């Protein structure tokens, strides 16, 4: 009788979903500049998976650095529509495995699908995703607020838009990086984190770490080129500050490589392929004694709410993506002076502002 009831329960959870895809243009609050380039608008892909009673939402932010575009992601999803809508959905890990095959391993497209699958899963079961995972509501790390490369006056103006923020992540990659931090430190007593976005050599990273430590910098993110593992081993041994992998840590196999070269890893759903692999990466990193950070791209509250489900597994978090926008498209997880505030909504917690967001004939049109 017990086995029969269990089979009936599993079958009851199986369903087929309808997918909607839309490219959105998200205006930025300010032009965003890092070592890789400058932009004023972010074009992301929003996905909905609906079972007839609930809709789950996911988002992916293309990364030009990897040669990925919103159009390319949307096209990959549309080409796989029959497989996506023809696969029985029970739980996110099962669905992720099926979608990995259907999408040919396209992790950017997988990210949006997997976020939507988790959101739908939580809504169907009437709980938040991190609670369904059995993760405790422990003290959550505070999120930093990112300041892109600019003139000192403009960087200070951006900081003053949110005065008193406890942690700022400063993008570097110029000929005057240490000087920038010195000038910003004169105006703020917040914790600083610096992200060099692969712009330094090993020697520069070591020397800069010694100068940045007394300026209240907590750690350095991705100082060297992605494949400079010999240089990173040297930096790991000689740096005066912890170093965190970002571009060098994309998928689960990279976690092993980072041990002994970095003190921690920054896990990003966009590059990993969603919450399913990101959760596994965070757990494996902890097993290897690495600090764990989760970072966002420039994305709306849809993507931010998904990343926030990992908070109980994290030491550091970067959830300010939606704050960098001039206009958001959803409500959900938000930041209050760095503190992450969850809504009462089940799933990942995001709800689109427009009730007819996916109702247009051409769902790939931008809002």
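Conditions tested, residue by residue: (1) at pLDDT 95 or above; (2) touching a strand residue (DSSP E or B) at 6+ places or on another chain (Cβ under 9 Å); (3) within 18 Å of residue 110 (Cα to Cα).
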position: 270; (1), (2), (3): yes, yes, yes
position: 276; (1), (2), (3): yes, no, yes
position: 286; (1), (2), (3): yes, yes, no
position: 293; (1), (2), (3): yes, yes, no
position: 302; (1), (2), (3): yes, yes, yes
position: 305; (1), (2), (3): yes, yes, yes
position: 315; (1), (2), (3): yes, yes, no
position: 318; (1), (2), (3): yes, yes, no
position: 341; (1), (2), (3): yes, yes, no
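Which ones in the range 53-92 are farther than 28 Å from residue 15 by Cβ, out of contact with any strand residue (DSSP E or B) (no Cβ under 9 Å at 6 or more places or on another chain) and part of a helix (DSSP H, G or I)?
Result: 66, 72.
Has the range 134-145 got any residue that is part of a loop (DSSP other than H, G, I, E, B), out of contact with any helix residue (DSSP H, G or I) (no Cβ under 7 Å at 6 or more places or on another chain) and over 23 Å from residue 311 (Cβ atoms)?
No, the conditions are met nowhere in the range 134-145.
Being under 15 Å from residue 236 (Cβ atoms) and in contact with a helix residue (DSSP H, G or I) (Cβ under 8 Å, 6 or more places away or on another chain) is the filter here, so list the residues in the range 259-281 that pass it. Talk me through it step by step, then tell me what you get.
Our first condition is that a residue be under 15 Å from residue 236 (Cβ atoms); within the range 259-281, this holds for 259-265.
260, 261, 262, 263, 264, 265, listed by residue number.
Residues that are farther than 16 Å from residue 205 by Cα, at least 1 per element: which strands (runs of 3 or more DSSP E) completely within the range 233-301 meet that?
Numbers: elements: 243-245, 264-267, 291-295.
Hits in the range 233-301: 264-267, 291-295.
With respect to the numbered conditions (1) in contact (Cβ under 8 Å) with a residue 40 or more places away in the chain; (2) surrounded by fewer than 23 Cβ atoms within 10 Å (Cβ to Cβ), which one is the sole condition not fulfilled by residue 271?
(2)
Do we have any residue at all in the range 329-337 that's touching a residue at least 40 places away in the same chain (Cβ under 8 Å) and not in a loop (DSSP other than H, G, I, E, B)?
Within the range 329-337, one or more residues are touching a residue at least 40 places away in the same chain (Cβ under 8 Å) and not in a loop (DSSP other than H, G, I, E, B).
Scanning for something farther than 27 Å from residue 153 by Cβ, outside any helix (DSSP H, G or I) and either under 27 Å from the mean Cα position of the chain (by Cα) or in contact (Cβ under 8 Å) with a residue 12 or more places away in the chain (or both), does the range 205-222 turn up at least one residue?
No, the range 205-222 has no match at all.
Residue check: is residue 308 closer than 27 Å to residue 41 by Cβ, in contact (Cβ under 8 Å) with a residue 40 or more places away in the chain and part of a helix (DSSP H, G or I)?
Considered against the rule, which asks whether it is closer than 27 Å to residue 41 by Cβ, in contact (Cβ under 8 Å) with a residue 40 or more places away in the chain and part of a helix (DSSP H, G or I), residue 308 comes out as yes.
The values are calculated or read from the model by the stated rules, or taken from the named source; none is laboratory data. Please read all numbers here as calculations on a predicted model, not as lab measurements. Reconstructed Cβ throughout: ideal geometry from the backbone, glycine too, with neighbour counts over all protein chains shown.
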